[in-house]
Amino acid sequence: LPPSQSGVYRSQQLSVESGTETYPTFEARTAAYWEPASTPLPMAGSCLINFVGGPGTLPNVSLSRVLAGDLVAEMVHDRVVLIGTTDNLLGLRTPVCAGSEAMSFLEYQANAVQTLIDRTPIRTLSWPGILVLLTGLGVISSLLYQRAKAVAGARLAMGILLTSTLIALAGLWFLRLWLPLG
């Protein structure tokens, strides 16, 4: 199973250790075989998965449809195809799951493989970067609050919260950089 953080699965291990040996995970090995000439993947640690959408957004074909001959060849041509069961026995909660919705383990693996093939893992801000970001936000908000009156302070707080949210979403969307919103 992938590692969880407070019950939410968002990262993919790139290797596992057995005794003194280190072996790449299925997802890392698949991505390495897909494009061996491109930039090599690091074979240690983990990376945050770039989920394309919520559960059910990746193409899924049932076995009965394949056995009946209803599979279109162009659907799987030059693509990585994962074969497995999509039962919700092992439903994983991911950052894109809403409410009680869960993602099947097979779809989680597909998102991880796609992230590694595309070389688009989500990056996090380093601790010095977070310190600079929080210090800058603190200085700017303190300067703005000194000039604002009590009634305008609530509007200013909402404006800062909205601006921070938009900047965090833009960083995730355009730069694949996870900024701390809290």
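The values are calculated or read from the model by the stated rules, or taken from the named source; none is laboratory data. What you see is a predicted model, and the numbers here were worked out from it, not measured in a lab. Here the Cβ is made from the backbone with ideal geometry for all residues, glycine too, and neighbour counts use every protein chain on show. Ligands, DNA and RNA are excluded from the accessible area calculation, which covers all protein heavy atoms including side chains. Shrake-Rupley method; radii C 1.70, N 1.55, O 1.52, S 1.80 Å.
Okay, here's what the table says:
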item	result
Residue check for Thr25: at pLDDT 80 or above and more than 21 Å from Arg176 (Cα to Cα)	yes
Tally, over the stretch 144-162, of residues that are among the aliphatic types (A, V, I, L, M), out of contact with any helix residue (DSSP H, G or I) (no Cβ under 8 Å at 6 or more places or on another chain), surrounded by 10 or more Cβ atoms within 10 Å (Cβ to Cβ) and more than 17 Å from Pro180 (Cβ to Cβ)	4
Residues of the stretch 123-136 satisfying the condition of being within 15 Å of the chain's Cα centre (by Cα) and open to solvent by 70 Å² or more (accessible area, probe 1.4 Å)	Arg123, Thr124
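To keep it simple, each residue is scored yes or no on (1) open to solvent by 60 Å² or more (accessible area, probe 1.4 Å); (2) in contact with a Ser or Thr (Cβ under 7 Å, 6 or more places away or on another chain).
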site	(1), (2)
Val80	no, yes
Ile83	yes, no
Arg93	yes, no
Val96	no, no
Ser100	yes, no
Phe105	yes, no
Asn111	no, no
Leu116	no, no
Pro121	no, yes
